[in-house]
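Every read-out reported here was derived from the displayed coordinates using simple, explicitly stated rules and does not represent laboratory data. In this text the structure is predicted, and so the values were computed from the model without any measurement. Every residue, glycine among them, receives a Cβ derived from its backbone with ideal geometry; neighbour counts consider all protein chains shown.
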Amino acid sequence: VPDVHATRRSALQATLAERDLDAALVTRLVNVRYLTGFSGSAGALLVGRDGAVLASDGRYTTQMARQAPDVERLTAAAPLRALCDRAGTDGARRVGFEAHDLTVEVHGQVAGLLGNVELVALGRVVEAQRAVKDESEIELIRQACAVADRAFAELIAGPLAGRTEKDVAGDLEARMRAHGADGASFDTIVASGPNSAVPHHRPTDRVIEPGELLKLDFGALVAGYHSDMTRTVVVGPAADWQREVYALVQQAQQAGLDAVRPGAIGGELDALVRDVIGGAGHADHYTHSLGHGVGLEIHEAPTLRPDASDRLADRMPVTVEPGVYLPDRGGVRIEDLVVVRPGGPEILTTTTKELLVL
Ligand code: ZN
Ligand code: ZN
């Protein structure tokens, strides 16, 4: 059985051949991880037409051998320099690099080390490859979503009024860890009352009061893969305006989910959902994009935002997360993480979207 990482490197090698490149210097660590399994915090990867060399420093020699046993490995005090030397001795003439990652400073150093070798911007080739997941990756994201669902169910079974946003956020993260998460996939958002009108509010010492909207945006990290979900509840009783805003966001979110299919364009999905909210007179109260891909990073390709030309494909996990935010009053966002499938999206975040009045 070929290792998944070898399969991924083969796909990159096919791109190198198409572009007449002898090798690619992969410096973005998340891409190195995707192509080798190596998750250290320093290192780089040189992918040639028919081989690859992973380099890191002495702290990671053992970890490289354990995580990337099928790749040639180099330990060097200056891993990038070692890989540039290697490209030279291998006789490479055109080498791709990740222009979105390499600083101008390091690019200058690499160019100096490579001498007459031509450096060519590779573009986000590995990121594009990463957008479509294999089933083993989807399974890890599914597990991360299940952990978050369980933690949320436990959290809302207990009292919320009288607690601070920070306390609730810490509690939710602890429960995710207790259910097997390696950690939270990003800083948990808990936003109460008027704070819920701030899309990316950071939890404060504000005490949650009865009758308020409470927006929670959170996720779990499992084996490097992220989950992402938002639910908005009312710490009861619910007012009519809260129910109306909630119903609108729920309707818009469902319209978005219904349109998720292979071939759909990110910008068109965004527009479709935005039209539902705009039609209800709340265009100015929906101030962010519809969604994003999720995987080894919490935000990755594809993007679902105005004018995005990204085309959805089978096995892409994406979020659908519209919101309506009324300044100084409160806001509602509903976010699911779903996998694009030919027969309609597979919804990984299974917590109910009926308005929960706690
Ligand atoms: Zn989120
Ligand atoms: Zn999100």
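Of note:
- Spin-label model, GLN129/ARG59: points 7 Å from Cα along the beta carbon direction are separated by 2.6 nm.
- Using 0.36 nm per residue and subtracting the Cα-Cα separation, the extra length available between ARG261 and LYS166 on full extension is 30.4 nm.
- Percentage, to the nearest whole number, of Cα pairs in the range 223-358 over 28 Å apart: 15
- Seen from a random direction on average, the alpha-carbon convex hull of the range 28-174 projects onto 12.1 square nanometres.
- Tilt relative to the chain, helix 4-18 - C-alpha long axis, 0 to 90 degrees, to 10: 70
- Estimated translational diffusion coefficient (Stokes-Einstein, Kirkwood radius over Cα pairs, 20 °C, 1.002 mPa s) of the chain: 98 µm² per second.
- Working value for the range 1-97: equivalent-ellipsoid semi-axes of 20, 16, 10 Å, each the square root of 5 times a Cα gyration tensor eigenvalue, largest first.
- Percent of alpha-carbon pairs separated by more than 12 Å within the range 133-188: 67
- The range 344-358 and the range 9-47 have Cα centres separated by 37 Å.
- Average Cα contact separation per residue, the range 212-252, under 8 Å, 6 or more apart, as relative contact order %: 37
- Annotation: peptides 212-225, 97-110, ranked by per-residue average of other Cβ atoms within 10 Å with the highest first, follow the order 212-225, 97-110.
- C-alpha center-to-center spacing [the range 263-332, the range 162-225] in angstrom: 21
- A DSSP coil position with no more than 10 other Cβ atoms inside 10 Å describes the following GluC sites (Glu not before Pro) in the range 281-358: GLU354.
- Using alpha-carbon coordinates, inclination of helix 104-114 to the longest axis of the chain, degrees: 20
- Basic side chains Lys and Arg get +1 at the Cβ, acidic Asp and Glu get -1 at the Cβ, and with that the dipole of the range 1-98 about its Cα centre reaches some 220 debye.
- Directionally averaged projected area (the range 1-40, Cα convex hull): 3.0 nm².
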